[in-house]
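S.K.: Take this structure, written in structure tokens, and hold onto it; I'll ask about it next.
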Amino acid sequence: MFPQVILAVLNEQVKLYSEFEQNAIPHMDPLYNFALRICGNKGRASDLLKETYLKAFRFYDKLERGTDFKAWLFRVMRNAYLNSYSKKSTELNKPDNKKVEKFYEKIKASSTDSSQLEKEIHNNLTDKELSEALSSLPEDFRTVIILCDIESFNYEEMADFVDIPVGVVRSRLHKGRKMLFTKLYKDAEKKVTSIKNK
Amino acid sequence: MAELNTNELITKYVDCEVTDQSELNEIKNLIEKDPDIKFDYNVQLFIKSIITERLKIQPTPEQVRRKVIRKIKPSKNFLTAFFSRKLS
């Protein structure tokens, strides 16, 4: 009797796993990239990916049929990140929103043309620096930028995934990109000054 | 249209989320006529394109992929998964 129960459980698991694998594995690359951008390093991203798949598999049989599977996986990952990883990160370095806004307006007032600024940032920026600058944004803003500009989610999908209204998605994207621009501008300015002083 | 502020409107336009033709024309007109709005628009567009262009989706390293699959495969952990499911 006992071995039969075990066999039945194993069969159920194998069936469930094969269904889960079919649905979940194709989303591994976008999930890994989201983890990479949100955590800021490969080691933590790998751990977060493992945790996400384990949790998702654990609750897979409870998932309502018809649920957007990709968005659900992202939600599992984000919750796992918020529960354990974000506490360990340096959220102390959050930029002050008012200061950022003030600085942005200053740049805007002193620039007649944004293309020169863009050129300077573009030419002085490595991919690693861009990645670090993105990682320095507060989680709320970073998430929507990653989802929109790297993962190509549309507004409805993002709103569903982060569980916020579409208007908040738009607003966070706008502010987040402004914050990132300000950060990149400051970094480029520092770089240019240090080159000139050499 | 009036419900959205200009900032949100610009972002919506940059992300190709505007489907209404009259709204589209109105945004284009605003960008063309107002230098402040044009600056904001260029900044949004620049950040979006630099991220899309530089931070491309990378494939999951093979080692990580294998580890994840190993972790969830039932042959190794079916009892753990079964009992944790029963407990949850």
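S.K.: If the cut-off is a Cα-Cα distance under 15 Å, which aspartates and glutamates reach B:LYS56, setting aside same-chain residues fewer than 8 apart in sequence?
M.R.: Leaving aside aspartates and glutamates fewer than 8 places away in the same chain, those within reach of B:LYS56 are A:ASP29, A:ASP127, A:GLU129, A:GLU132, A:ASP149, A:GLU151.
S.K.: Right, something else. Am I reading the B/A interface right? What is its buried accessible area, both sides, 1.4 Å probe, to the nearest 100 Å²? Each step should come with its number before you reach the end.
M.R.: On the way: alone 7920 and 12680 Å², together 15520 Å².
Accessible area lost upon association: around 5100 Å².
S.K.: Across the residues of A:119-127, average count of Cβ atoms on other protein chains within 10 Å?
M.R.: 2
S.K.: Relative contact order, percent, of chain A when contacts are C-alpha pairs under 8 Å separated by at least 6 residues?
M.R.: Value for chain A: 23 percent.
S.K.: Contour minus end-to-end for A:ASN11 and A:LYS102, with contour as 0.36 nm per residue of separation and end-to-end as the Cα-Cα distance?
M.R.: Stretched out fully, the A:ASN11 to A:LYS102 stretch lengthens by 26.6 nm.
S.K.: What pairs in A:LYS42/A:LYS98; A:LYS102/A:LYS190; A:LYS106/B:LYS28; A:LYS191/B:LYS33 have C-alpha atoms more than 27 Å from each other?
M.R.: Violating the 27 Å Cα-Cα cut-off are A:LYS42/A:LYS98; A:LYS191/B:LYS33.
S.K.: For A:ASN41 and A:ILE164, FRET efficiency with R0 = 25 Å and r from the beta-carbon atoms, rounded to 0.05?
M.R.: That pair, A:ILE164 with A:ASN41, gives E of 0.40.
S.K.: Please compute the per residue accessible area over the protein assembly as shown with all protein chains in place, 1.4 Å probe, rounded to a whole number of Å².
M.R.: I get 54 Å² per residue for this part.
S.K.: So, with a 1.4 angstrom probe, what is the percent of accessible area on the protein assembly as shown that is carbon and sulfur?
M.R.: Values: 8150 of 15520 Å².
Ligands and nucleic acids excluded, carbon and sulfur give 53 percent.
S.K.: What is the average number of partner chain Cβ atoms found within 10 Å of a Cβ in A:21-31? Walk me through the intermediate numbers first.
M.R.: Numbers: counts 3, 0, 0, 2, 5, 0, 0, 6, 5, 2, 2.
Shielding by partners across A:21-31 averages 2.
S.K.: Run lengths n ≥ 4 of DSSP H only: what is the helix-derived mean residue ellipticity at 222 nm for the protein assembly as shown, with -39500 (n - 2.57) per run over all residues, to the nearest 500?
M.R.: So the helix-based figure for the protein assembly as shown works out to -24000 deg cm²/dmol.
S.K.: Take peptide A:174-181, look around each residue's Cβ out to 10 angstrom, count Cβ atoms belonging to other protein chains, and average those counts. Show your work: numbers first, answer last.
M.R.: On the way: counts 12, 2, 2, 11, 6, 1, 5, 7.
For this peptide, the per-residue mean of nearby foreign Cβ atoms is 6.
The values are calculated or read from the model by the stated rules, or taken from the named source; none is laboratory data. What you see is a predicted model, and the numbers here were worked out from it, not measured in a lab. Glycine gets a Cβ as well: all are built from the backbone with ideal geometry, and neighbour counts include every protein chain shown. For the accessible areas, the whole protein counts, side chains as well, though only heavy atoms, and no ligand, DNA or RNA atoms are used. Shrake-Rupley method; radii C 1.70, N 1.55, O 1.52, S 1.80 Å.
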